[in-house]
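Engineer: Pasting a structure here, questions to come.
The values are calculated or read from the model by the stated rules, or taken from the named source; none is laboratory data. Please read all numbers here as calculations on a predicted model, not as lab measurements. Cβ atoms come from the backbone with ideal geometry, glycine included; neighbour counts cover every protein chain shown. Just the protein is used for accessible areas: all its heavy atoms, side chains included, with ligands, DNA and RNA removed. Shrake-Rupley method; radii C 1.70, N 1.55, O 1.52, S 1.80 Å.
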Amino acid sequence: LPPVLDIAHRGASKLAPEHSFAAYELALRQGAHVLELDLRLLRDGQLVIAHDRTLERTLGIETAFAELTRAELEKIARDHMPLGLEQVFGRFPRARFNLELKDETLEAPRALASALMSASEVQGQSGSDVAGRVLVASSHRPVLEEFRRLTAGAVATSASAGEALDYYVCQLMKR
C-alpha cells in the first residue's frame, strides 16, 4: 500500500448515493484504497450501513435505526434499504474497509465481531481474510474496548476520541 491512503468516505458519495454499491464501485474505479462504511445497529442486533441515527435525511422519516428490526426497516425503506455488511463483503471480496461503529451501545461491537467472524468463515474458503482488510473505528472508547476484547486484538482498530486526546496530552507533557 502507498504511504498515504485514499479512503472513500461513504464511497464516492459526491457522485453516487452514499453507501451504495454504485458509490463503492465508483470509488474503487477512481483509485480509492479503502472504503469507509458507517454502521448502525438495528433493534434485532443486525448491522446496516448508514451514517445518520435516523431515517430522516434519506427517507424523510424521524424513526431511529435502533428502533427498528431488519424486517421493519425493509417494509419502510423498500427500494432504499440500507446495505448489510455481508452484502458489501460479498460484492467486494478484496477491498479494504474502514468500519465506523456510530452507536454507543456495547451491542454494536458485539454484532460487528460476530459479523466479521461469519464473513471470515465464508470468505476464508476463497482465501480472502476479511479481518486482515478491516480497520474498526468509533469515537466511543467503551465501544472500541469491547470490540478489542471480543476479537483479542486480531482486528485493527483506530483510537477513540478519548484515546487520541490522551495521547496528545501525554505528548504535550513529554511522557
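Engineer: Name every residue in the range 19-35 that is surrounded by fewer than 14 Cβ atoms within 10 Å (Cβ to Cβ) and in a loop (DSSP other than H, G, I, E, B), in order of residue number.
Structural biologist: Q30, G31 - these are the residues of the range 19-35 that are surrounded by fewer than 14 Cβ atoms within 10 Å (Cβ to Cβ) and in a loop (DSSP other than H, G, I, E, B).
Engineer: Within the range 3-18, take every residue that is of a type in the set (D, E, K, R) and open to solvent by less than 90 Å² (accessible area, probe 1.4 Å) and give me the one that is farthest from L135 (Cα to Cα).
Structural biologist: E18
Engineer: Moving on. Taking only the range 27-59 into account, find how many residues are over 22 Å from S118 (Cα atoms) and touching a Gly at 6+ places or on another chain (Cβ under 7 Å).
Structural biologist: Qualifying residue count, the range 27-59: 1.
Engineer: Output the residue which, of all residues in the range 129-158 that are closer than 10 Å to L101 by Cβ, of a type outside the set (A, V, I, L, M) and assigned to a helix (DSSP H, G or I), is least open to solvent (accessible area, probe 1.4 Å).
Structural biologist: By that ranking, first place goes to F147.
Engineer: Right, next: Any idea which residue in the range 88-116 is farthest from A137 (Cα to Cα), counting only those that are in a strand (DSSP E or B) and open to solvent by 10 Å² or more (accessible area, probe 1.4 Å)?
Structural biologist: The residue in question is R96.
Engineer: Could you tell me whether E121 is without any contact (Cβ under 8 Å) to a residue 12 or more places away in the chain and not in a helix (DSSP H, G or I)?
Structural biologist: no
Engineer: Working only within the range 68-83, note down all residues that are part of a helix (DSSP H, G or I), surrounded by 13 or more Cβ atoms within 10 Å (Cβ to Cβ), under 21 Å from the mean Cα position of the chain (by Cα) and not small (G, A, S).
Structural biologist: Within the range 68-83, R70, L73 qualify.
Engineer: I want to confirm something. Restricting to the range 36-67 and keeping residues that are hydrophobic (A, V, I, L, M, F, W, C) and more than 17 Å from the chain's Cα centre (by Cα), which single residue is surrounded by the fewest Cβ atoms within 10 Å (Cβ to Cβ)?
Structural biologist: Out of the qualifying residues, it is I61.
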